[in-house]
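The values are calculated or read from the model by the stated rules, or taken from the named source; none is laboratory data. No experiment lies behind these values; they were computed from the predicted model shown. Ideal geometry is used to build each Cβ from the backbone, glycine not excepted, and the neighbour counts take in all protein chains shown.
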Amino acid sequence: MSRRVVVTGLGVLAPGGIGVKAFWELLCEGRTATRRITFFDASPFRSQVAAEIDFDPEAAGLGPQEVRRMDRAAQLAVVATRQAVADSGIEPAGLDPARTGVSLGSAVGATMSLDQEYRVVSDGGRDWLVDHRYAVPHLYGHFVPSSFAAEVAWQVGAEGPAAVISTGCTSGLDAVGHGAELIGEGSADVVIAGATDAPISPITVACFDAVKATTPRNDDPEHASRPFDASRNGFVLGEGAAVFVLEELQHARARGARVYAEIAGYATRSNAFHMTGLRPDGVEMAEAIRVALDRARLDPRDVDYVNAHGSGTKQNDRHETAAFKRSLGEHARRVPISSIKSMVGHSLGAIGSIELAASMLAMTHHVVPPTANLHEPDPECDLDYVPLVARPHHTDTVLSVGSGFGGFQSAVVLARPDRDAA
Amino acid sequence: MNRVVVTGLGVVAPNGLGAAAYWDNTLAGRGGIGPVRRFDATGYPATLAGEVPGFAAEEHLPGRLLPQTDHMTRLALVAADWALADAGLAADAGTDLSIGVVTASSSGGFEFGQRELQNLWAKGGEHVSAYQSFAWFYAVNTGQISIRHGLRGPSGVVVSDQAGGLDAVGQARRQIRQGARAVVSGGVDGSLCPWGWAAQLSTGRLSTATDPARAYLPFDEAADGHVYGEGGAILVLEDAAAARRRGARSYGEVAGYGAAFDPRPGSGRPPALRRAVEAALADAGATPGEVDVVFADGAAVPELDDAEAAALAAVFGPYGVPVTAPKTMTGRLSSGAGGLDLAAALLSMRDAVVPPTTNVVPAPRHALDLVGSPRALPVRTALVLARGAGGFNSAVLLRAG
């Protein structure tokens, strides 16, 4: 791939704060944004904690009709898009529409709206033959989340390739990887790429309860997300969006844009094992890491920081630790590794992009965010997970990984575009 | 850049279960649209659909898969079984990370989802199935196909409404060009349940006709919405050199792909379908004159038919290329449509015959050479189009070889 792809704009809406500044402060202070669910009465459920955003869509700049038309996940994506475009310094009117694309990740689409609309049209689950006349007029847009990509495209007038990438919990990495591919192959010069999910709704909480994937640590919500800790017992559901302006390197340089990072390598593999289970050996994630580094023409020893999937389920943290050892060799024991899910929860398809944003900020500030709530590591998780406190650390190259339902294992490598000259 | 060919087809269509039945019925002009049978639709404004006939999942799939899968995932699994068998391709168990799965999805397993939503709201959260977390989400077909066949290569899921089936194939081709040996692609979709029906009705684009022969009439003066259908096709895409080495038959090459998004509503700018077509042609290094047939999107909404006919006239000239839309026999299959039209186009190449667009008398204003009955024609190059709600436009150019 001769055309190189860089990130020139960032937008983040994550639990604990709207915008990049609030997000980074939360991470650097090691604070957690997990709490008892406030969106609905969660008392009947096994897991009653979540990482919610205090988000008022009209205060964030959306009009009343936009609010009515869009599911919360779309709203988060649109606001993050506006932040990213403003941050990049690009004037949308100056973009070539045909050369501008959209690649947006979402695992579960408009779950909140679908849950609420279903309840109404079925009259509380009474009727199998639902009454469609009670549904919102934009119900189809909630069913098919490509409507989210359309909303984002309309924000910037993009008329190039556009799609939603929906690979479960790796969507946020895969959407950025796909966006980079569009630029790399020459189908676009600028791609608005990122991911969003807003799944904190009774149906989501119930379905993760049913497989005991989420934590039942309801008496201590602030410390409920405990990746790599011996006492971890499931993830904390979250929500959020992160959106990036991706640009072809020369396109960015020609306008003197600030560059956060190059999307230097990306790869994904499937474990073909189980829809929710993981084989402990981590072979497929290790392969994704190996190929992503290879595409970036980097060696495992070049990796300065690993942003882990670190969901806080027993099987994930061991699987991932094995994958790091398999792919990075001895370097796995030296490189700092952390999971920001300990602070902002697991926002399913969105988290991969939110973690990429954290990774880019780590490169900007040369600070590695910590893994909060990590007091006593699982003996099988024996790497340096940066417990509790952020760490100043020279960071030029980051590996960010994800793993999810359906068996997807993805890896993105971020680097500085001028690394060859150094 | 390495060439990518199709070496296997698996078809689950409203007018035929299996590629052979689908193709026989399609050439004979036998449609699969009729009154909805899977739920009582008589109280709704639209009552017709394309349902896959004669599908008994337990005849094809192990019992343990049935409680955890939606109807449309079962269709997808069977289509993938057939496509891989047709290609004669299997993963080397446990060691092979070179075969992936990239499918399109629009609605996930929403019939399954409706049942679980009912359990949640009528009985309580503890009654929601342990399978709900993955049975309804958009990645379910890719995940289940990869597990069933041990396919551990690069995989993905594309959502772009009805354009998705072609976008998935475009993405699968990218993965092969980056080193995958083969990718199982295409799409099978369907949410024929009252909850899915409510969503379809909200578009205002479902035909309310009750006569299956008069309900879905793209490019006709009487075009007044479409019929929704379930099903689609799964295709095995393979690196051409790898396919040749193992002596596999090629149905044809995925020679070009292009995608473009429509301008923001109200902007006054031209729709993007023409650019998608031109991108696919340029990608393949083909001229419009080489194209032997176009498989149209065929929205059957007057302004969308106008836009498609205008794009075709702009690229090929008025009446400049034979155009067909055999989906008049199946209904619009959402993200299943692109794969099924690709299958039809590849079978047209094999048999040198273009399938018909049934029931339609094309409006003169469209200036289309619409194929109304099977037309014997050597097909070396075929263009397949698809559009998704919201403004997604995609085009794939297939070449013999």
Of all residues making up segment A:381-406, the number that are touching a Lys or Arg at 6+ places or on another chain (Cβ under 8 Å) and either within 14 Å of another protein chain (Cβ to nearest Cβ) or over 19 Å from A:Ser342 (Cβ atoms) (or both): 2
By residue number, the members of segment B:260-308 that are closer than 13 Å to B:Val384 by Cα, touching a Leu at 6+ places or on another chain (Cβ under 8 Å) and not in a helix (DSSP H, G or I) are B:Val291, B:Asp292, B:Val293, B:Val294, B:Phe295, B:Ala296, B:Asp297
What's the number of the condition A:Phe148 fails, among (1) buried (at least 23 other Cβ atoms within 10 Å of the Cβ); (2) at the interface with chain B (Cβ under 7 Å from one of its Cβ atoms); (3) among the aromatic types (Phe, Trp, Tyr); (4) under 25 Å from B:Ala104 (Cβ atoms)? (2)
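Condition check ((1) in a loop (DSSP other than H, G, I, E, B); (2) over 30 Å from B:Tyr131 (Cβ atoms)) across all residues:
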| position | (1), (2) |
| --- | --- |
| A:Ala357 | no, yes |
| A:Thr364 | no, yes |
| A:Pro379 | yes, yes |
| A:Gln409 | no, no |
| A:Leu414 | no, yes |
| A:Pro417 | yes, yes |
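Conditions tested, residue by residue: (1) farther than 26 Å from A:Val67 by Cα; (2) in the same structural domain as A:Met70 (by TED's automatic domain parsing); (3) acidic (Asp, Glu).
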{"site": "A:Met112", "(1), (2), (3)": "no, yes, no"}
{"site": "A:Val121", "(1), (2), (3)": "no, yes, no"}
{"site": "A:Asp127", "(1), (2), (3)": "yes, yes, yes"}
{"site": "A:Val130", "(1), (2), (3)": "no, yes, no"}
{"site": "A:Gln155", "(1), (2), (3)": "no, yes, no"}
{"site": "A:Gly160", "(1), (2), (3)": "no, yes, no"}
{"site": "A:Gly168", "(1), (2), (3)": "no, yes, no"}
{"site": "A:Gly179", "(1), (2), (3)": "yes, yes, no"}
{"site": "A:Ile203", "(1), (2), (3)": "no, yes, no"}
State whether one or more residues within segment A:67-89 are under 28 Å from A:Ala180 (Cβ atoms), at the interface with another protein chain (Cβ under 10 Å from one of its Cβ atoms) and among the hydroxyl-bearing types (Ser, Thr, Tyr). no
In segment B:309-349, residue nearest to the other protein chains (Cβ to nearest Cβ) [restricted to those that are assigned to a loop (DSSP other than H, G, I, E, B) and buried (at least 24 other Cβ atoms within 10 Å of the Cβ)]: B:Leu333
Would you be able to say whether some residue in segment A:205-213 is closer than 19 Å to A:Ser339 by Cβ, in contact (Cβ under 8 Å) with a residue 40 or more places away in the chain, within 9 Å of chain B (Cβ to nearest Cβ) and not in a loop (DSSP other than H, G, I, E, B)? yes
Test: residue in segment B:153-175 that is within 9 Å of chain A (Cβ to nearest Cβ), within 19 Å of A:Phe405 (Cβ to Cβ) and surrounded by fewer than 24 Cβ atoms within 10 Å (Cβ to Cβ): no
Taking the stated definitions as given, is A:Ser47 at pLDDT 95 or above, in a loop (DSSP other than H, G, I, E, B), in contact with a strand residue (DSSP E or B) (Cβ under 9 Å, 6 or more places away or on another chain) and within 14 Å of chain B (Cβ to nearest Cβ)? yes
Return yes when B:Arg249 is surrounded by fewer than 24 Cβ atoms within 10 Å (Cβ to Cβ), more than 14 Å from every other protein chain (Cβ to nearest Cβ), part of a loop (DSSP other than H, G, I, E, B) and of a type in the set (D, E, K, R) and no when it is not. yes
Could you look through segment A:1-27, keep only residues that are surrounded by fewer than 19 Cβ atoms within 10 Å (Cβ to Cβ) and not charged (D, E, K, R), and pick out the one that is modelled with the lowest pLDDT? A:Met1
Could we say that B:Glu111 is farther than 29 Å from B:Phe392 by Cα and either out of contact with any Leu (no Cβ under 6 Å at 6 or more places or on another chain) or not assigned by TED's automatic domain parsing to the domain that holds B:Ala233 (or both) here? no
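The rows are residues; the columns are (1) over 23 Å from B:Arg38 (Cα atoms); (2) in contact (Cβ under 8 Å) with a residue 60 or more places away in the chain; (3) within 13 Å of chain A (Cβ to nearest Cβ); (4) assigned to a strand (DSSP E or B).
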{"position": "B:Ala80", "(1), (2), (3), (4)": "yes, yes, yes, no"}
{"position": "B:Thr95", "(1), (2), (3), (4)": "yes, no, yes, no"}
{"position": "B:Gly100", "(1), (2), (3), (4)": "yes, yes, yes, yes"}
{"position": "B:Thr103", "(1), (2), (3), (4)": "yes, yes, yes, yes"}
{"position": "B:Ser106", "(1), (2), (3), (4)": "no, yes, yes, no"}
{"position": "B:Gly113", "(1), (2), (3), (4)": "no, yes, yes, no"}
{"position": "B:Glu116", "(1), (2), (3), (4)": "no, no, yes, no"}
With the requirement that a residue be among the aliphatic types (A, V, I, L, M), in contact (Cβ under 8 Å) with a residue 12 or more places away in the chain and not in a helix (DSSP H, G or I), what does segment B:128-175 give you? B:Val128, B:Ala139, B:Leu151, B:Val157, B:Val158, B:Val159, B:Ala163
Considering each of A:Arg126, A:Arg133, A:Arg119 in turn, give the residue that is free of Cβ contacts under 8 Å to residues at least 40 places away in the same chain, within 7 Å of another protein chain (Cβ to nearest Cβ) and assigned to a helix (DSSP H, G or I). A:Arg119
Among A:Ala288, A:Ala323, which is the only one that is within 19 Å of the chain's Cα centre (by Cα) and crowded, with 24+ Cβ neighbours inside 10 Å? A:Ala288
Within segment B:176-203, track down each residue that is within 7 Å of chain A (Cβ to nearest Cβ), in contact (Cβ under 8 Å) with a residue 60 or more places away in the chain and of a type in the set (A, V, I, L, M). B:Ala199, B:Leu201
Check segment A:223-237 and report whether any residue there is assigned to a helix (DSSP H, G or I) and either closer than 24 Å to A:Ile37 by Cβ or facing another protein chain (nearest Cβ under 9 Å) (or both). yes
Filtering segment A:239-257 down to residues that are over 17 Å from A:Ala195 (Cα atoms) and assigned to a loop (DSSP other than H, G, I, E, B) yields A:Arg255, A:Gly256, A:Ala257
Spans of strands (runs of 3 or more DSSP E) in segment B:1-61 with at least 1 residues over 22 Å from A:Leu129 (Cα atoms), out of contact with any Asp or Glu (no Cβ under 7 Å at 6 or more places or on another chain) and in the same structural domain as B:Ala240 (by TED's automatic domain parsing): B:4-13
Some residue of segment A:111-119 being among the small types (Gly, Ala, Ser) and closer than 22 Å to B:Thr142 by Cα: no
If I ask for residues that are buried (at least 24 other Cβ atoms within 10 Å of the Cβ) and either of a type outside the set (Ser, Thr, Tyr) or more than 7 Å from chain A (Cβ to nearest Cβ) (or both), which ones from segment B:121-150 would you list? B:Val128, B:Gln132, B:Phe134, B:Ala135, B:Trp136, B:Phe137, B:Ala139, B:Val140, B:Asn141, B:Gly143, B:Gln144, B:Ile145
So, in segment B:216-246, how many residues would count as being assigned to a strand (DSSP E or B) and either in the same structural domain as B:Asn359 (by TED's automatic domain parsing) or not hydroxyl-bearing (Ser, Thr, Tyr) (or both)? 12
